[in-house]
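The values are calculated or read from the model by the stated rules, or taken from the named source; none is laboratory data. Quantities reported herein were computed from a predicted structural model and do not represent experimental measurements. Heads up, the Cβs are rebuilt from the backbone with ideal geometry, glycines too, and the neighbour counts pull from every protein chain shown.
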Amino acid sequence: MWCGMARCHGDVRSVHAVHTRFLQNLAARTPLLPGADQLVFLDIDAKKKQVHGHQRDGARRACTGATSLDYLMVTMTGPLFAPVVLTARLRDGAAHSCRGAASMIREAIGLARRCGVTGMIVVRGDSGFYTSAVITAIRKAGARFSITARDHHNAITTAISEIPENAWQPVTYDRPVFDQDSETWVHTAEVAQTGFTAFTNTTQHPDGPVAAGLVVRRIPDRGNNSGDSTGQQRELFTAWRYQAIFTDSGFNPADTDHHHRGRARIEQVLADLNNSAAAHLPSGKFAASAAWLILACLTHNLLRATGCLASRSHSRATTGTLRRHLVQVAARVTSTARTLTLRLPQHWPWADTWLGLFHITHAPPTPA
């Protein structure tokens, strides 16, 4: 009903206010954010959502070539809890990743504090958010940042070339990382750290310059190593490929690389939403679609709180798993002598978990 009634930006903000109050209440009444007094991560990302029809408000031809809408999202996660959605914003399909990101980050950090987060906040993002406006907004809000760096005028290349060879530290990944460029699984890498000042051109970056650390990861470029048993000549020296992280988190280089790779967890949230309410934006009206997106995020957080109350394994399960195990129950309601009875399936593996969740959420009121 809210989605159909949303006709302007003010209506969308009203729905968003409900979402923020609801999330604060979930955090206060359920074990949704364990460890929030120590360390949490805020991940920001944008997603293109293909739409169809000629009467879609805000639909534009995106960089993918398809007619799309775009939405920007910030999630919060930690070492002890699965991601929850702090805020989301629908935009037209041609929007760049960083458009409106600074104000959204400020809003998300404030909401995280109101939800009871007292520990350190680290904002993570890809190179699309490597702008002085975004990083300055993060610092002014009292948080730290970990952003994939994008080379401007070869400044990062120069900084990497000045790192001494003995500064590189080998790291081994417990879980291999898939490298899309070489289409191989990476088991080992080398990391190093150096100081770096970004956005020194204040004409292009009015919020600069910004001084912080540059953590660099390098892996061998296997594409240049053509030597094999056929007798082809092997490489004379190792060629490397580099990825730089601009950060002020204060972690050592290995931990910085480990934590930064964890930002991929927001992709799981986007996949969960795409597998549920955000699979389609059903209205042709932009405001109604924006309200629908916010309600989809509210539902995601409600399912996440449900999993935290149900069991330890469900606290980190995907929302699709939570719906299959705890929501889509093949039960039957019977009425006998003015008593309603819910008959659950026999030999149902999640019966004890579901009953425990039922008793927690339907406990008798506490006497005054």
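Annotations
- Count of residues meeting criterion [surrounded by fewer than 21 Cβ atoms within 10 Å (Cβ to Cβ) and either farther than 16 Å from H9 by Cβ or modelled with pLDDT of 90 or more (or both)] in region 284-295: 2
- Within region 91-107, the set of residues being modelled with pLDDT of 90 or more and of a type in the set (A, V, I, L, M, F, W, C) comprises A101, A102, M104, I105.
- One residue from R124, R113 being crowded, with 19+ Cβ neighbours inside 10 Å and charged (D, E, K, R): R124
- Within the set L309, L326, L355, L281, the sole residue that is over 30 Å from D57 (Cβ atoms) and at pLDDT below 90 turns out to be L355.
Residue by residue, here is whether (1) outside any strand (DSSP E or B); (2) without any contact (Cβ under 8 Å) to a residue 24 or more places away in the chain holds:
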position: I147; (1), (2): no, no
position: I160; (1), (2): yes, no
position: V171; (1), (2): no, no
position: V186; (1), (2): no, no
position: A189; (1), (2): no, no
position: A192; (1), (2): no, no
position: T203; (1), (2): yes, yes
position: L214; (1), (2): no, no
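- Hits in region 46-63 (condition: assigned to a strand (DSSP E or B) and of a type in the set (A, V, I, L, M)): A46
- Filtered by the rule that a residue be farther than 23 Å from A133 by Cα and part of a loop (DSSP other than H, G, I, E, B), region 64-101 gives T64, G65, A66, P79, L80.
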